[in-house]
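K.L.:
I am attaching a structure below and will ask some questions about it afterwards.
Please treat every number below as a calculation from the coordinates, not as lab data. On a predicted model such as this, the values are computed, not experimentally measured, just so you know. So basically every Cβ, Gly included, is an ideal-geometry build from the backbone, and we count neighbours across all protein chains shown.
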Amino acid sequence: MPDNECLECRIVSGDFKTPGGVLLEGPNWMVVHYHPRKGIYPGRLMAVLKRHAKSLSDLTDAEAQSMAMVARRMTRSLDAGLAPERMYMLSFNEDEHVHFHILSRFKDDAIRGPNLVVQKMLVDEIGGQAEAEAMAAKLKPLLQDPQTGAGRQQ
């Protein structure tokens, strides 16, 4: 797939706008509030590799190491801003561009695990553009603050 047809490449280049724009950007990864085809799921962040790579096995050592740091920063910002009961890290890469999602699960979510992903991605229509923009505005300063959250207590 040519880079100009790849959704993730379009996000990185700025040709595809996500709610609230870029929430965090580093040398290898860009974090945005995910904007699905159906509704908006509050608290779903997506990290996109800034270069086009098709598989996790294509990551450089620096990209792989920074992936863990970005994921930790994403979960800490969600903890501080939304206090979800649980978070899931997902990577399907059907678009053939490495990216991953952090999906929040809240106490009132009756569905858990993989079924929650299907429900939130394909069935539920939650919120809209205004809610997504507000969520992005809430999470952006938390993501950009390296001191956000101490993580979950062990």
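K.L.:
Most exposed first by the Cβ proxy, i.e. fewest other Cβ within 10 Å, how do Arg10, Arg72 rank?
P.N.:
Ranking Arg10, Arg72 by Cβ neighbours within 10 Å, fewest first, gives Arg72, Arg10.
K.L.:
Sort Tyr34, Tyr88 so that the residue with the fewest other Cβ atoms within 10 Å of its own Cβ comes first and the one with the most comes last.
P.N.:
With the fewest neighbours first, Tyr34, Tyr88 line up as Tyr88, Tyr34.
K.L.:
Using the Cβ atoms and a cut-off under 13 Å, what net charge is assigned to the surroundings of His33, where Lys and Arg are +1 and Asp and Glu are -1?
P.N.:
Charge balance in the 13 Å sphere: +2.
K.L.:
A follow-up question, please. Exposure proxy check: Ser66, Ser91 ranked by fewest other beta carbons within 10 Å?
P.N.:
Ranked by crowding around the Cβ, least crowded first: Ser91, Ser66.
K.L.:
Please turn the phi angles of segment 44-57 into ³J(HN,Hα) values with the Karplus equation 6.51 cos²θ - 1.76 cosθ + 1.60 (θ = phi - 60°), one per residue in order, whole Hz, x for glycine and proline.
P.N.:
10, 9, 10, 9, 10, 5, 6, 9, 6, 9, 7, 9, 4, 6
K.L.:
Still on this structure, I have one more. Cβ under 13 Å from Gln144's Cβ, Gln144 left aside: what net charge do those residues give with Lys, Arg +1 and Asp, Glu -1?
P.N.:
Net charge in that neighbourhood comes out at +2.
K.L.:
Additional query: Straight distance only, please: which lysines reach the Cα of Lys138 with their own Cα at less than 28 Å, same-chain residues fewer than 8 apart left out?
P.N.:
Filter leaves Lys17, Lys38, Lys50, Lys107, Lys120.
K.L.:
I've got another one for you. At 10 °C and a viscosity of 1.306 mPa s, what translational diffusion coefficient does Stokes-Einstein give for segment 8-111, taking Rh as the Kirkwood radius over Cα pairs? Give it in µm²/s as a whole number.
P.N.:
Answer, rounded: 112 µm²/s.
K.L.:
May I ask you to order 112-120, 100-108 by the average number of other C-beta atoms within 10 Å around their residues, highest value first?
P.N.:
Peptide ranking by packing, descending: 100-108, 112-120.
K.L.:
What distance in nm separates the simple spin-label points at Arg72 and Met89, each placed 7 Å from Cα in the Cβ direction?
P.N.:
So the label points at Arg72 and Met89 sit 1.0 nm apart.
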